[in-house]
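The next block holds one structure in the form of structure tokens; read it before the comments.
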Amino acid sequence: MTKLGQWLLTLGLLGGTWAGLTFDALGLGLPESGRRLLWPLPAYLLVTFGCYSLATVGYRLATFNDCRGAAEELQAQIREARADLEGRGFCF
């Protein structure tokens with residue numbers, strides 16, 4: 001199963017459970033206060049997911065490793081290309 005399939009299955013199960021509890025489709029007889037808590041639950045989950053995503057991206061950005069060897073190699077290639085182009089008449 002692909003990652004998209006897993007996400008869609010999970011969202012479908014959560015959405016079905018939420019709809020069943022909110023609209024009392026199963027006849028569980030939830031009190032009104034319980035149903036009032038369930039109505040904004042998708043919005044709360046969306047905000048929580050957004051906060052988690054921002055925190056994850058921020059953490060990954062803060063702990064991103066530099067590749068000094070690759071950077072030095074790239075700088076050497078840039079110097080070589082610049083010298084080659086200057087030899088062909090380009091000026092920087």
Item checked: 1.4 Å probe accessible area per residue over the range 1-66, in Å² -> 86
Check: Is any residue of the range 6-37 close enough, with backbone N under 17 Å, to a label point placed 7 angstrom from the Cα of THR48 along the Cα-Cβ axis, and if so, which?
Finding: 10-19, 21-22, 34-37
Note to self: Starting from the 7 Å offset along Cα-to-Cβ, what nm value, one decimal, do you get for the label separation of GLN75 and ALA55?
What the structure shows: 3.7
Next item on the list: Return the distance in nm (one decimal) between the two label points of a simple spin-label model at ALA25 and CYS91, each offset 7 Å from Cα along Cα→Cβ.
Entry: 7.5
Checklist line | Cα shape, the range 1-66, gyration tensor, a/c 1.5 rule | finding: oblate
Checklist line | Where labels lie 7 Å past Cα in the beta-carbon direction, separation of TRP39 and ALA83 in nm | finding: 7.3
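The values are calculated or read from the model by the stated rules, or taken from the named source; none is laboratory data. On a predicted model such as this, the values are computed, not experimentally measured, just so you know. Because the Cβ atoms are built from the backbone with ideal geometry, glycine has one as well, and the counts that use them run over all protein chains shown. Areas reflect the complete protein model, heavy atoms only, side chains present, ligands, DNA and RNA absent. Shrake-Rupley method; radii C 1.70, N 1.55, O 1.52, S 1.80 Å.
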